[in-house]
1. Tell me, Glu375, Glu279 in order of fewest to most beta-carbon neighbours within 10 Å?
2. Multiplying the sequence separation of Glu235 and Arg303 by 0.36 nm and subtracting their Cα-Cα distance, what value in nm do you get?
3. Using a Förster distance of 41 angstrom, determine the FRET efficiency expected from the C-beta separation of Glu159 and Tyr331, and round it to 0.05.
4. How large is the dipole of region 428-512 about the Cα centre if only Lys and Arg carry +1 and Asp and Glu carry -1, each at its Cβ, rounded to the nearest 20 debye?
5. Just grab the label-to-label distance for Glu222 and Asp493, each label 7 Å out from Cα along the Cβ direction, in nm (one decimal).
6. By how many nm would the segment from Thr422 to Asp410 lengthen if fully extended, with 0.36 nm per residue of separation less the alpha-carbon distance?
7. Run the simple label-point estimate for Thr452 and Thr382 please: 7 Å along Cα→C-beta, distance reported in nm.
8. Rounded to the nearest 20 debye, what is the charge dipole size of region 111-194 about its Cα centre when +1 sits on each Lys and Arg Cβ and -1 on each Asp and Glu Cβ?
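We did not get these values from a lab; they are worked out from the coordinates using the rules stated. Keep in mind that what you see is a predicted model, and the values were worked out from it rather than measured. Glycine gets a Cβ as well: all are built from the backbone with ideal geometry, and neighbour counts include every protein chain shown.
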Amino acid sequence: MAVLERSPTRTRRFGAGPEGEGSKMPCPVQLVCHETGVVQHGFYARGASVSTGIGVPDSTVRTERHRRRQGGALLLQPSTFGRQSGDVMTHQALEALCPPIPQKVESTGLDFGFLADLALKMVYADANCTTERVTEKLKLPASLTEELLQHLYREKFVEIRGLISYGNNRYGMLDRGWQRAQQLLGINGYIGPAPVSLSAYTEMVQRQSAARDPVRPDAVREALAGLVLPDSTVETLGLVAHSRRSLFMIGPAGNGKTTIAKALHNAQRGDIWIPHAIEVDGQVIKVFDLHNHQPVSVDGIGRHDERWVRIKRPIVIVGGELTIETMDLTYSPSVKFYEAPFQMKANGGTLVIDDFGRQRVEPHDLLNRWIVPLEGQVDHLTLHTGKQIEVPFEQQLIFATNLNPAELVDDAFLRRMGYRLTVGPPDKAMYEEIFKRYAAANGFAYDPAALTYVFRLYAAEGRPLRGCEPRDLLERCSDICSFEMLPKVLSDDLLYTAWSNYFASAPDRQQLEGSPLLASH
Ligand SMILES: Nc1ncnc2c1ncn2[C@@H]1O[C@H](COP(=O)(O)OP(=O)(O)OP(=O)(O)O)[C@@H](O)[C@H]1O
Ligand SMILES: [Mg+2]
């Protein structure tokens with residue numbers, strides 16, 4: 001039997017019409033399945049059970065009216081209805097983590113004064129300021145925003161310039177407000193969605209980490225399907241993805257290290273919540289950015305605290321540009337707030353330190369910087385005041401290098417790496433498989449004679465095979481065919497030209513005839 005949630009607030013009449021407590025008229029209700037997120041609409045008449053036409057055996061119901069009173073929040077409670085194998089874990093985790101809408105200023109985790117200051121900066125920056133517009137920008141419920149704006153009105157910082165609709169006023173700045181806003185902007189220039197507290201952020205990162213779905217071997221195989229790798233490598237990568245321990249990858253250039261790092265990330269399923277920004281000691285650290293974070297639809301999740309954004313698990317790849325400074329909070333003296341460092345942006349996802357050893361920083365210094373976070377899953381960042389804060393460090397960390405690791409890394413660091421993997425060059429059979437795939441991708445029919453010819457070229461030049469070269473050679477073949485308007489056939493001529501253009505060297509064609517096939521692989 002469906003259960004209608006009883007709440008003291010239901011006894012009050014809401015709005016006009018026959019929906020009051022005394023009425024026996026059916027009122028619209030909303031049934032929320034807390035495992036699937038499915039929302040069903042039905043009708044409730046006092047003393048009757050909920051009728052939805054869907055035969056709900058057990059659920060939690062809240063009336064549409066009550067939902068609206070509560071700022072639109074859906075109550076999320078366990079139910080047995082609509083359980084679907086396969087996605088149960090995901091939805092359960094998702095609902096348990098869905099950040100609830102703050103009903104009062106106290107439940108935002110922020111000071112009233114901090115939020116009022118932020119609201120004032122919003123009125124200052126918006127010539128057509130209304131409650132609705134501030135609500136939209138602050139990402140707080142309208143009732144809460146209006147409370148802040150009314151406070152600014154009482155303090156004579158702003159004036160009310162008219163009523164647009166119930167609870168939606170037009171606001172404008174007063175002289176006292178201008179002065180105050182300018183004073184505030186001199187200290188903290190942040191004008192954007194209300195932040196969350198550092199403790200709320202830390203808790204969310206930890207809860208999401210605990211609730212993550214385990215990575216299964218088929219997900220790893222599927223993610224790595226685009227690469228041709230030895231079984232032992234796939235096995236190791238499966239262990240890395242499943243354990244989320246760090247990985248140190250070494251191997252010659254062009255054999256797929258960066259591609260493996262991205263594929264490993266794709267094996268991690270699920271989306272996460274991150275805040276637009278975090279507040280610490282009145283300072284704001286911006287976390288969400290569209291460059292590193294890809295928002296996903298929240299349809300079916302229900303209403304939530306919009307200070308949080310649901311995103312695909314992030315992957316952040318940093319290369320030669322990495323410095324010790326970029327690993328700390330970046331304070332912009334012009335806007336007077338902080339940007340989170342890239343490792344914090346990667347929380348809940350994957351951080352790839354690519355081309356390790358090519359940074360201008362000493363590898364030893366760089367590695368030392370990671371030892372503490374790796375050990376304790378906590379990173380220490382410094383505010384410009386000198387104060388240190390602790391933020392969670394929860395991500396799959398991957399290092400990749402094509403340099404000699406003996407010259408880069410000391411034992412103290414390697415000891416802290418979960419896994420070490422050498423990504424070597426492909427053997428002839430693997431090369432052939434890669435060649436076949438890229439031939440098809442570039443519109444060529446695979447011809448074993450063409451590959452034999454390519455192997456002769458390698459042998460004549462004494463070049464080692466590389467995983468990237470079938471793609472690179474075949475793409476150049478395709479360029480030539482398209483430019484010269486030739487049929488797409490992998491002739492020796494075509495391969496020779498592509499080879500010369502790619503390597504800027506080629507063996508003598510006369511000597512090539514009858515030269516031995518590549519034997520060393
Ligand atoms: N084993 C492989 N199977 C299929 N394709 C491969 C393989 N190895 C490399 N490739 C191809 O080569 C391209 C380049 O590889 P990638 O950039 O990942 O190499 P890398 O090891 O990171 O090189 P570098 O050390 O220069 O950064 C990939 O996008 C992929 O198309
Ligand atoms: Mg690379």
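1. Details: Glu375 10, Glu279 25.
Listing Glu375, Glu279 from fewest to most nearby Cβ atoms yields Glu375, Glu279.
2. 20.4 nm
3. Working: r = 34 Å, r/R0 = 0.84.
About 0.75, to the nearest 0.05.
4. On the way: 10 positive and 12 negative charges, 45 e Å.
Charge dipole of region 428-512: 220 debye, to the nearest 20.
5. 4.6 nm
6. Working: separation 12, 0.36 × 12 = 4.32 nm, distance 1.69 nm.
This chain segment gains 2.6 nm when fully extended.
7. Result: 6.6 nm between the two label points.
8. On the way: 10 positive and 10 negative charges, 30 e Å.
Dipole magnitude for region 111-194 comes out near 140 debye.
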